[in-house]
Amino acid sequence: MLPLCGYPVSAYAEKAGYSDSIHSLREVVVTSNRRPLATVQSLQGPQLQALSSTSIADALKYFAGVQIKDYGGLGGLKTINVRSLGAQHVGVYIDGIRITNAQNGTVDLGKFSLSTLESVSLFNANKLDICQSASEFASGATVYLRTRRPTSDSLSVLGAIGSFHTYRGRVNAQMSRKGWSGFIDGEYLKSKGDYKFRYKSEYEDTVGVRRNSDIEYYRVEGALFKNGFSSHLYCYVSERGVPGGIVRRLSDKYINVGREWDADWFGQASWTHRFTSAHQVLFNAKYTQEYLRYCTDYPENQNTARVNNHYWQKDVYASASYAWSPYRWLSANIGYDARHSWLKADLRNFHTVRRLDQKAVVAMQAQYAGLRLAASMLYQHYRDHTVTHTGAADPLSRFTPSVTLGYSVKGFSFRAWYKKIFRAPTLNDLYYTQVGNRNLKPEYTRQFDLGAEYNYNTSQWSASAQLDGYINSIDNRIVCLPLKGTYSWSMMNYGKTYCRGMNANVSGRYSPGDWTFSLITSLTWQRDLNRTDPESESYDKPICYSPTFSCGITGITGWRWLTMTVSALHVGERMWSYADPEDVLKPYNNIDVKLTGTWRRATASLEINDLLDEQYEHVPRYPMPGRSFTFSLSYSI
Amino acid sequence: MKNFYLRLFICLLAICSAGALHGQEKIILLNEGNWQADNGKMTYFENGRVVSNQWFRDANGYKLGDTPNDIIQINDNLIAISINWSNIVQFITPEGKAVAATEDVPNNRKLATDGRYVYVSSYGHECGTEKGMMTFEKGYVAKIDVNTFKVTDAVEVGYEPEGIAYFNGYLFVANTGGYAFQEDHEYETTVSVIDAATMKVVREVDTRQINLYGKMSQSGQYLCINSPGDYYDIPAATIIFDCKAAIEGKDDDGCFQKLEYASTYNCTTTDGKFYAIGSRFSYYTSEYTFNYVVLDPAKVLESYGADGVEENFPGTVLADLKGLTMPYGIYINPYTGYIYATDAGSFAEAGALLQWSPEGKFLGRHRVYINPAHFLALPPDGHLPSGIEDIAADYLDDNTIYNLQGIRVEHPHPGQVYIRGGKKYICR
């Protein structure tokens, strides 16, 4: 199986007999194998489960072009940035339906579990299926999470214990009858997150234990499938501490005491049907509710503001798409989406905001011999309603195109694509008390990509390689800046970015007899330049937090009932301010190891994360946890 | 070529001798850095060049801390710095050497001194004192003994007290109520007057203007207090406050005059006026009104705001200020009259320090660090106070001796300028 080519062959999974900590993965959904046109990287079934990973962020960090921003610890916010477009340009989709957050536009990857997933794929620009919803065209990069469809009945339980007082339990029941299949999956985790950190330099040797970094969550998910019908119910409830940056203090007396509660749930359903070979429809519907409370109003908080704020969000979404394929060489796709979001918060000078977001798309795909063309035009319309102090922003409507051209010959495929897309200002950007700016313009991205890939498959061997060069530019970046001559900050359109980069992936698999060996590598090189102000000293300097070079390598070895995975990730130096050459985040190497053994119905696994115990950061003064161990045992009937 | 080197040599010589001539410029500048990034830095600037942008670290081998917020000189050998997010009041020598530090005053904001004690305003609710832990519902002012570096007393004022000044035995504290946007209380409108000896609030002057937040400058008996308003219905304003009137018990309205200007960044001139620059911004319109004004406090109060506001900045100062990307501080060296301002630029870049001669001739732009904001000039001869030529200060009729900052002096130094009975004299 070629994890990085996007469309895998299923035989390998059965043969390898890989197991994750719970399931025997004896099936892999096979996607009809069209020659790849989109730029995609994917991790499927056994590979995904063989990775040492607790959240989706851990899987995505091995993809080329991906930067994860992580505030450290299990509870720390984890967001993904692809090819330096910014987290808000990355759409994350579960079974084709986008996870949204109207308030801030980003998805905390830490809230989603890998254990119920069949695959995680990253598409730069569009996925390019024949029949897609309009919102699938509406982000700069898209992450697709595909839920696993059970093929047998089973019940399994798992218990895990890990470093920093971490305990996790999970129960999964799944069934498959008469074409229906489904599962219920419940998980509980509690962690103190009291990891040690050390800052050591010429002028500092700070040793400490992370405090107020605990998390406790419940996650309950259920899904039901039949043929073209899929549905998913997801519920996540958590409480966590919100630790601050590690700064100079004389003692531990004044630590951050802020706490955050989340209660999120969504229900979604999707139905697709092909009437004849010429007609296909796709309907999606989703309801989401999110609650967030942030509180620092405690007796022990004697030194900072006593805040107790609540935020409520509701979101209703529906879409309809239709694809028409009159000839073998031509197909057309139209789609319409509507989303209605509500945001309520008990902030001063803030009232309920409603947003109606409508999208329509016309797309077509054509092929002639090895030559293929895909083109789409997306129309988006946003209209807000509010009685907030400043009034609603003006409605926003825009057309944005994308074009992809591909050519395949023998094992080779070549592609070129262009996509222009914007992100609308979020409700926080526009209306947040004393920060929001209702005059914001959308933040535009333009992406050009030129790529090639090669695939080779035999029963014992498979190999693939892919190389993409790209140029991205971002205009009217939405950033928070102080207002000149005041003490107030506000969201503003400020900044241009110009990025040239290269992503490469090489992967291979060799499976002689009882053994399987697979290797997945990725490499990113990019120059991501600030083109905001030609007069400024930071003009043409790299964008903060953006590494020029990063690479990852994952090796998986399987022998009968044993699997061992070693993953190594190198991320180069990143600057975090232009003010001083010392303001850099040091390069780091992260090595994760996972060993899994299966005996009859029981599976045991040992994970070691950050084997080298490197003390590194994604955000200055937010230390990562260093080396940690997790041991888990599961049993299934 | 030879000619070139000769010229270069002459230039260098000229620069050196110029340095030697005005050779009295010793400026400490606090760069706030980024919040929670532990990168507050101290710049030391002497005679036209930046000696170091991490002067504290150079002198002590460790970092200053997170978000330094104010700096004052207490006596010849001692300087205090409030490092807000580190919850530290740091004491250093004028050479930058750390002497003591205390975290007894968490969320400390601004500093004032009478030469014997340091007074610190705090948004916090508890204070570790010699009498034990004191807790307050609102904010407070703490009194630190500079012999022991212990807090001797503290007193509750309004919510989120910011600017603090010492005059003639009393402390004047501008209350903001700045957390009103998050907490369950309203903005404050008062200036608390505290008897510094007893640490009791003796009166609260209601300015009827909310959120007295920002830099507060003092010129003798007068204070220049900024109010950013709420950025919605209440626009920014400046309060010119008369400490003497407040002590003398005049009614509230007789103690201040409100002006329709923002003084987001302000400083005291050597002739007792205030420079005030700032903008009045409204979220309704997203529009700015900038102002760059010179305020004469005595005239403003006398005329009830009708007079005493001018735009007569010396030389190119006004034009240069208008060209700044993001003004972040303004200062005049009280000993020499040299004018300084900082530009925070785009906030991810190093800020800049700009310098002008007292006549307003632009002298240079220097690279400092992120968010350069708070200034302290060191006395050229190392003695506090020293040779200021002129200051408007005819506010006393007893024989108590004060320095030019309005601080009571017990033992005047020979050769220095002091004020006694409302008149300047040179101690012999």
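The values are calculated or read from the model by the stated rules, or taken from the named source; none is laboratory data. Predicted model only: the values in this text are computed from it and were never measured. Cβ placement follows ideal geometry from the backbone for every residue including glycine, while neighbour counts extend to all protein chains displayed.
Things worth noting here:
- Qualifying residue in region A:199-213 (condition: part of a loop (DSSP other than H, G, I, E, B) and under 23 Å from the mean Cα position of the chain (by Cα)): yes
- Among strands (runs of 3 or more DSSP E) entirely within region A:581-622, having at least 2 residues that are of a type in the set (Val, Ile, Thr) and under 30 Å from A:SER636 (Cβ atoms) singles out A:588-599, A:602-609.
- In the set (1) modelled with pLDDT of 95 or more; (2) closer than 20 Å to B:ALA344 by Cα, B:VAL89 fails one condition alone, (2).
- Taken over region B:206-220, the criterion of being crowded, with 24+ Cβ neighbours inside 10 Å, more than 19 Å from B:LYS244 (Cα to Cα) and polar (S, T, N, Q) is satisfied by B:ASN211 alone.
- Answer from A:SER459, A:SER473 - the residue that is away from chain B (no Cβ under 14 Å), modelled with pLDDT under 90 and in contact with a Ser or Thr (Cβ under 9 Å, 6 or more places away or on another chain): A:SER459
- Residue that is nearest to the other protein chains (Cβ to nearest Cβ) [pool: residues in region A:515-531 that are more than 25 Å from A:ARG500 (Cβ to Cβ) and surrounded by fewer than 19 Cβ atoms within 10 Å (Cβ to Cβ)]: A:LEU519
- Boolean, B:LEU223 is within 14 Å of chain A (Cβ to nearest Cβ), under 17 Å from the mean Cα position of the chain (by Cα), crowded, with 24+ Cβ neighbours inside 10 Å and farther than 24 Å from B:ASP104 by Cα: no
- Residue within region B:91-101 that is without any contact (Cβ under 8 Å) to a residue 60 or more places away in the chain and within 9 Å of another protein chain (Cβ to nearest Cβ) present: yes
- Unmet requirement for B:ALA352, which otherwise passes all of (1) out of contact with any Cys (no Cβ under 7 Å at 6 or more places or on another chain); (2) in contact (Cβ under 8 Å) with a residue 40 or more places away in the chain; (3) under 23 Å from B:LEU376 (Cβ atoms): (2)
- Listing of strands (runs of 3 or more DSSP E) fully contained in region B:256-336 that carry 2 or more residues being closer than 28 Å to B:SER192 by Cα and among the aliphatic types (A, V, I, L, M): B:274-282, B:287-295, B:327-332
- Failed criterion for A:MET575 (all others in (1) in contact with a Gly (Cβ under 9 Å, 6 or more places away or on another chain); (2) within 12 Å of another protein chain (Cβ to nearest Cβ); (3) free of Cβ contacts under 8 Å to residues at least 40 places away in the same chain hold): (1)
- Matching residues, region B:146-186, being outside any loop (DSSP other than H, G, I, E, B), at pLDDT 95 or above and among the aliphatic types (A, V, I, L, M): B:VAL151, B:ALA154, B:VAL155, B:ILE164, B:ALA165, B:LEU171, B:VAL173, B:ALA174
- The set of residues from region B:110-153 being in contact with a Cys (Cβ under 7 Å, 6 or more places away or on another chain), in contact (Cβ under 8 Å) with a residue 40 or more places away in the chain and closer than 16 Å to B:ILE72 by Cα is empty.
- Among the residues of region A:286-318, the ones that are under 21 Å from A:ARG354 (Cβ atoms), of a type in the set (S, T, N, Q) and either within 14 Å of chain B (Cβ to nearest Cβ) or not in a strand (DSSP E or B) (or both) come to 1 in all.
- For region B:22-70, filtered to residues that are within 20 Å of the chain's Cα centre (by Cα), farther than 18 Å from B:HIS366 by Cα and in contact (Cβ under 8 Å) with a residue 60 or more places away in the chain, the residue that is farthest from the other protein chains (Cβ to nearest Cβ) is B:ASP70.
- Positions within region A:408-435 being in contact with a Ser or Thr (Cβ under 8 Å, 6 or more places away or on another chain) and farther than 28 Å from A:ALA360 by Cα, in sequence order: A:PHE414, A:GLN434, A:VAL435
- If the condition is being more than 9 Å from every other protein chain (Cβ to nearest Cβ), closer than 25 Å to B:HIS185 by Cβ and not in a strand (DSSP E or B), then region B:102-135 contributes B:ASP104, B:VAL105.
- Flag for A:THR304 being more than 27 Å from the chain's Cα centre (by Cα) and among the hydroxyl-bearing types (Ser, Thr, Tyr): yes
- Qualifying residue in region A:237-245 (condition: among the acidic types (Asp, Glu), out of contact with any Pro (no Cβ under 6 Å at 6 or more places or on another chain) and modelled with pLDDT under 95): no
- Neighbours by Cβ (under 7 Å, 6+ apart or cross-chain): first from region A:532-559, within 13 Å of chain B (Cβ to nearest Cβ); second acidic (Asp, Glu) and in a loop (DSSP other than H, G, I, E, B): A:SER536/B:GLU349; A:GLU537/B:GLU349; A:SER538/B:GLU349; A:TYR539/A:ASP533
- Among the residues of region A:424-447, the ones that are closer than 11 Å to A:PHE350 by Cβ and among the aliphatic types (A, V, I, L, M) come to 2 in all.
- Selection from region B:247-261 of residues that are within 21 Å of the chain's Cα centre (by Cα) and small (Gly, Ala, Ser): none
- Qualifying residue in region A:70-80 (condition: at pLDDT 90 or above, assigned to a strand (DSSP E or B), in contact with a Leu (Cβ under 9 Å, 6 or more places away or on another chain) and more than 23 Å from A:ARG446 (Cα to Cα)): no
- Filtered residues of region A:43-59 (kept if in contact with a helix residue (DSSP H, G or I) (Cβ under 7 Å, 6 or more places away or on another chain) and either in a helix (DSSP H, G or I) or modelled with pLDDT of 85 or more (or both)): A:LEU43, A:GLY45, A:PRO46, A:LEU48, A:ILE56, A:ALA57, A:ALA59
- Residue in region A:276-285 that is part of a strand (DSSP E or B) and without any contact (Cβ under 8 Å) to a residue 24 or more places away in the chain present: yes
- If the condition is being of a type in the set (A, V, I, L, M, F, W, C), in a loop (DSSP other than H, G, I, E, B) and either closer than 30 Å to A:SER331 by Cα or free of Cβ contacts under 8 Å to residues at least 40 places away in the same chain (or both), then region A:342-394 contributes A:ALA369, A:VAL387.
- Number of positions in region A:200-230 that are surrounded by fewer than 17 Cβ atoms within 10 Å (Cβ to Cβ) and among the hydroxyl-bearing types (Ser, Thr, Tyr): 3
- Flag for B:ALA319 being out of contact with any Phe, Trp or Tyr (no Cβ under 6 Å at 6 or more places or on another chain), away from chain A (no Cβ under 14 Å), closer than 30 Å to A:ASN439 by Cβ and at pLDDT 95 or above: yes
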